[in-house]
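Written below as structure tokens is the structure these notes are about.
The values are calculated or read from the model by the stated rules, or taken from the named source; none is laboratory data. Just so you know, these numbers come straight off a predicted model, no measurement behind them. Virtual Cβ from ideal backbone geometry, glycine too; neighbours counted across all protein chains shown. All accessible areas refer to the heavy atoms of the entire protein, side chains included, with ligands and DNA or RNA removed. Shrake-Rupley method; radii C 1.70, N 1.55, O 1.52, S 1.80 Å.
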Amino acid sequence: MAARKKGRKKAARRPAKKAARKKATRRKTARKKVAKKATRRARKVVRRAKKAVRRGKKAVRRGRKKVARKKAVRRGRKKVARKKATRKKAAKKATRRKGGRRKAAKKAAKKGKKKAAKKAKKKAAKRKPNPAFMKAMTPSSDLAAIVGSSPMPRTEVTKKLWAYIKKHNLQDAKERRMINADDKLRRVLGKSRVSMFEMTRLVNAHLK
């Protein structure tokens, strides 16, 4: 009797367990469905976010391209402005040069006129010789053998003396300032070799 009771109890419990199992499986399937839906939604959100990021990147690229184009346009404008400025400067320089040339030509003409006027004045007022040099001097006997015995100014004496030096080739070949005296000139100078600056001083001693 007791065994039968236990069997009956077990038989009564079996459908309840089956129902509980079915409920549990339903709940699991429902949860799985909800999880799948959630994952799908999340994936959709992620995809949308990725698309938005791509769109943003594209927009950034477009913006950069626009900025680059604007910069290129600005550079081109700056280049054009620089070229215009250089052309203007070149034109100004050319005009200045022309003006400078005209001014230089005017100055040169004025200078030429002034020089011509000065030359005319110099010709009009001729230089008067120093009376001390034009005074007639009598040469000594030694100097008279070269220049002549008649009285003459110092300028004439130096002219004739140099004519005598050139005629007899008494000027030194290497040192043109030095004069190699011959017998007649040695009597006047007192030396066989004299510089041209010293010669005038020595010749003046033979003039009275």
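Out of the total accessible area of the chain (probe 1.4 Å, heavy atoms of protein only), what percent is carbon and sulfur?
Whole-percent figure for carbon plus sulfur exposure: 54.
Just to be sure I understand the model, the point goes 7 Å from the Cα along the line to the Cβ. What's the resulting LYS160 to LYS89 distance in nm?
In this crude spin-label approximation the distance works out to 7.5 nm.
Please work out the Cα center distance from region 150-189 to region 39-98, rounded to the nearest Å.
Comparing the Cα centres of region 150-189 and region 39-98, I get a distance of 94 Å.
Can you give the helix-only mean residue ellipticity at 222 nm for the chain, where every DSSP H stretch with n ≥ 4 adds -39500 (n - 2.57) and the sum goes over all residues, rounded to the nearest 500 deg cm²/dmol?
-28000 deg cm²/dmol
On average, how much accessible surface per residue is there in region 51-208, in Å², for a 1.4 Å probe, leaving out ligands, DNA and RNA?
Here the per-residue accessible area is 86 Å².
In the set (i) -0.71; (ii) -0.94; (iii) -0.63, which value of log10 I(q)/I(0) by the Debye sum over Cα atoms at q = 0.12 Å⁻¹ was calculated from the structure you see?
Read-out from the structure maps to (ii).
Place the peptides 176-186, 17-27 in order of packing, highest mean first, counting for every residue the other Cβ atoms within 10 Å and averaging per peptide.
Ranked from most to least packed, the peptides come out as 176-186, 17-27.
Only four residue types carry charge here, +1 at the Cβ of Lys and Arg and -1 at the Cβ of Asp and Glu. Report the dipole size of the chain about the Cα centre in Debye, rounded to the nearest 20.
Its charge dipole is roughly 10620 debye.
For the chain, find the longest principal axis of its Cα atoms and tell me its angle to the long axis of helix 2-124, 0 to 90°, nearest 10.
For helix 2-124, the angle is close to 10 degrees.
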